[in-house]
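*Asks:* My questions all concern the structure below.
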Amino acid sequence: MLKENLKEVQENILKACEKSGRNPEDVTLIAVSKTKPVPMLQEIYDENIRDFGENKVQELVEKYDELPQDIKWHMIGHLQRNKVKYIVDKVCLIHSVDSYRLAEEINIQAKKKNITVPILVEVNIAEESSKFGVHAEDAIALVEQIAQLENVRIKGLMTIAPFVENPEDNRQYFRNIRQLSVDIAAKNIDNVSMNVLSMGMTGDYMVAIEEGATMVRVGTGIFGERNYNK
Ligand SMILES: *Cc1c(COP(=O)(O)O)cnc(C)c1O
């Protein structure tokens, strides 16, 4: 069943790329596996998916230990500073950096391990009070500040769009964050690239791709509904 779900998502990605004249190679599907057991991840891994997204440090670390080492783990959830040390050398990208203090801690831990850590700056593009992320008007200043940190590398922006019935309702938000990334790129800040745009989830990834997403984070569409009561 997971196999069929995955296939459908992959076909939808191709359709969205075709519609918008984009190269499918420029869009990475991240299988968001939070709350799902290891055998389900293995099933998707066996279908050649290597990018997995988790939002909790402990869960990521446990799965990291149990699954093949060539998996690229994406930290997509809110990250507490005291937990950075557990994942800093296990993830390929931290999507959810929304403060200088967090970036600073990532820098400290990265330095200890002699690595540079790729990150995205999370932007609260719809200004929802329930969401993490920096406001768009503060993003450039934050990027400039984080860019000074030696062992952190900004690769782009991430956003979590509002939960909507009609994905078209999020199109303008995707457009706005894409424009923001173009504006930041134009500033040619040292150590900063804006090649990654992480946006789009199960409800709206096709629209996100049409508006320039280079990473889509799909959970429910692949693994089914999550059950938080277990
Ligand atoms: C859970 C989660 C997703 C996936 O959500 P679905 O709607 O299940 O696809 C994507 N991004 C983040 C940050 C998440 O926490």
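The values are calculated or read from the model by the stated rules, or taken from the named source; none is laboratory data. Nothing here was measured: the structure is a model prediction, and the numbers come from that model. Don't worry about glycine lacking a Cβ; one is built from the backbone with ideal geometry, like all the others, and counts go over all protein chains shown. Note: accessible area is taken over every heavy atom of the protein model, side chains too, but ligands, DNA and RNA are not part of it. Shrake-Rupley method; radii C 1.70, N 1.55, O 1.52, S 1.80 Å.
*Asks:* For the range 131-138, check the following and say yes or no: at least one residue is touching a helix residue (DSSP H, G or I) at 6+ places or on another chain (Cβ under 7 Å), modelled with pLDDT of 95 or more, acidic (Asp, Glu) and in a helix (DSSP H, G or I).
*Replies:* Step one: list which residues in the range 131-138 are touching a helix residue (DSSP H, G or I) at 6+ places or on another chain (Cβ under 7 Å), which gives 134, 136.
If we keep only those that are modelled with pLDDT of 95 or more too, we end up with 134, 136.
Subsequent filtering for residues that are acidic (Asp, Glu) retains none.
No, that holds for no residue.
*Asks:* With the structure loaded, tell me whether residue 188 is farther than 22 Å from residue 75 by Cα, open to solvent by 30 Å² or more (accessible area, probe 1.4 Å), more than 12 Å from the ligand (Cβ to nearest atom) and not in a loop (DSSP other than H, G, I, E, B) or whether it fails that test. Walk me through it before giving the result.
*Replies:* On the way: farther than 22 Å from residue 75 by Cα: yes; open to solvent by 30 Å² or more (accessible area, probe 1.4 Å): yes; more than 12 Å from the ligand (Cβ to nearest atom): yes; not in a loop (DSSP other than H, G, I, E, B): no.
Against the criterion (farther than 22 Å from residue 75 by Cα, open to solvent by 30 Å² or more (accessible area, probe 1.4 Å), more than 12 Å from the ligand (Cβ to nearest atom) and not in a loop (DSSP other than H, G, I, E, B)), residue 188 does not qualify.
*Asks:* Condition test on residue 66, is it under 27 Å from residue 218 (Cβ atoms), over 15 Å from the mean Cα position of the chain (by Cα) and free of Cβ contacts under 8 Å to residues at least 12 places away in the same chain?
*Replies:* Values: under 27 Å from residue 218 (Cβ atoms): yes; over 15 Å from the mean Cα position of the chain (by Cα): yes; free of Cβ contacts under 8 Å to residues at least 12 places away in the same chain: no.
Considered against the rule, which asks whether it is under 27 Å from residue 218 (Cβ atoms), over 15 Å from the mean Cα position of the chain (by Cα) and free of Cβ contacts under 8 Å to residues at least 12 places away in the same chain, residue 66 comes out as no.
*Asks:* Is the range 159-167 home to any residue that is open to solvent by 50 Å² or more (accessible area, probe 1.4 Å) and not in a loop (DSSP other than H, G, I, E, B)?
*Replies:* no
*Asks:* Also, quick follow-up: If you check residue 100 against the conditions, is it more than 24 Å from residue 214 (Cα to Cα) and open to solvent by 80 Å² or more (accessible area, probe 1.4 Å)?
*Replies:* On the way: more than 24 Å from residue 214 (Cα to Cα): yes; open to solvent by 80 Å² or more (accessible area, probe 1.4 Å): no.
No; evaluated as a whole, the condition is false for this residue.
*Asks:* Please enumerate the residues belonging to the range 12-40 that are within 22 Å of residue 71 (Cα to Cα) and free of Cβ contacts under 8 Å to residues at least 60 places away in the same chain. Full working, then the answer.
*Replies:* From the range 12-40, those within 22 Å of residue 71 (Cα to Cα) are 13, 24-40; that's our starting set.
Result: 24, 25, 37, 38, 39.
*Asks:* How many of the residues in the range 197-219 are open to solvent by 20 Å² or more (accessible area, probe 1.4 Å), within 14 Å of the ligand (Cβ to nearest atom) and touching a residue at least 40 places away in the same chain (Cβ under 8 Å)?
*Replies:* Of the range 197-219, the ones open to solvent by 20 Å² or more (accessible area, probe 1.4 Å) are 201-203, 206, 210-211, 214-215.
This time we only want the ones that are within 14 Å of the ligand (Cβ to nearest atom), so: 201-203, 206, 215.
So of that shortlist, the ones also touching a residue at least 40 places away in the same chain (Cβ under 8 Å) come out as 201, 203, 206, 215.
Adding up the residues that qualify gives 4.
*Asks:* I would also like to ask the following. Scan 44, 76, 30 and give me the residue that is modelled with pLDDT of 95 or more, crowded, with 20+ Cβ neighbours inside 10 Å, under 21 Å from residue 225 (Cβ atoms) and more than 13 Å from the chain's Cα centre (by Cα).
*Replies:* Working: 76 fails: more than 13 Å from the chain's Cα centre (by Cα); 30 fails: more than 13 Å from the chain's Cα centre (by Cα).
Exactly one of 44, 76, 30 is modelled with pLDDT of 95 or more, crowded, with 20+ Cβ neighbours inside 10 Å, under 21 Å from residue 225 (Cβ atoms) and more than 13 Å from the chain's Cα centre (by Cα), namely 44.
*Asks:* Could you check, for the range 42-52, whether at least one of its residues is within 24 Å of residue 154 (Cβ to Cβ) and either of a type in the set (A, V, I, L, M, F, W, C) or within 16 Å of the ligand (Cβ to nearest atom) (or both)?
*Replies:* Looking only at the range 42-52, we keep the residues that are within 24 Å of residue 154 (Cβ to Cβ), and these are 50-52.
Subsequent filtering for residues that are either of a type in the set (A, V, I, L, M, F, W, C) or within 16 Å of the ligand (Cβ to nearest atom) (or both) retains 51-52.
Yes, the range 42-52 contains at least one residue that is within 24 Å of residue 154 (Cβ to Cβ) and either of a type in the set (A, V, I, L, M, F, W, C) or within 16 Å of the ligand (Cβ to nearest atom) (or both).
*Asks:* Kindly provide the set of residues from the range 53-73 that are buried (at least 16 other Cβ atoms within 10 Å of the Cβ), within 16 Å of the ligand (Cβ to nearest atom) and more than 30 Å from residue 211 (Cα to Cα), ordered by number.
*Replies:* Hits for the range 53-73 are 57, 63.
*Asks:* Filter the range 106-125 down to the residues that are under 20 Å from residue 64 (Cβ atoms), in a helix (DSSP H, G or I) and open to solvent by 10 Å² or more (accessible area, probe 1.4 Å) and list them by number. Give the steps one after another, and end with the answer.
*Replies:* The first filter runs over the range 106-125 and keeps only residues under 20 Å from residue 64 (Cβ atoms), leaving 106, 109-110, 112-120.
Still in the list and also in a helix (DSSP H, G or I): 106, 109-110, 112.
109, 112, listed by residue number.
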